[in-house]
1. Given the convex hull of the Cα atoms of region 13-114, what is a quarter of its surface area in nm²?
2. Excluding N99 itself, calculate the net charge of residues whose Cβ lies under 12 Å from the Cβ of N99, where each Lys or Arg counts +1 and each Asp or Glu counts -1.
Amino acid sequence: MHMAASKKATPDHYEDVLKQILSEVAESCVKKLKLMQISACKNIKTTIFPVMAVLRQILNVQLTNQRSVWEMQADGQYIQLRPKDKQFGVQETLIKLANDRFDVAKTRKSYKKSNKKLGTNRNTG
């Protein structure tokens, strides 16, 4: 095959083609990375948000505690404040919340198992 002089491939032409190919590959890689980041963000959200909710719940229990609160007076003396209504202690409240979360998790797990077994739950039969 004989090429015309004006259509003859030059090193510059190969360099331009190579740049175009690299540019397309780079765009493809960037798109894939963005999709991976979106997927990772979804995984992070499903992991971190529940943990943050539990931490917020624990902090709220600690900050609203009025059962074991001591207040320092102007003279440096401490007096224990008494709650207006019957209130559980922080430890009792945190244990109850942990047990509630455990019960919810156990229910979800057994629900998933029962769906896998076509609607039958081996714990009930």
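Every read-out reported here was derived from the displayed coordinates using simple, explicitly stated rules and does not represent laboratory data. All values derive from a computational prediction rather than experimental measurement. Heads up, the Cβs are rebuilt from the backbone with ideal geometry, glycines too, and the neighbour counts pull from every protein chain shown.
1. With the hull built on Cα positions only, its mean projection is 14.7 nm².
2. Once positives and negatives cancel, what remains is 0.
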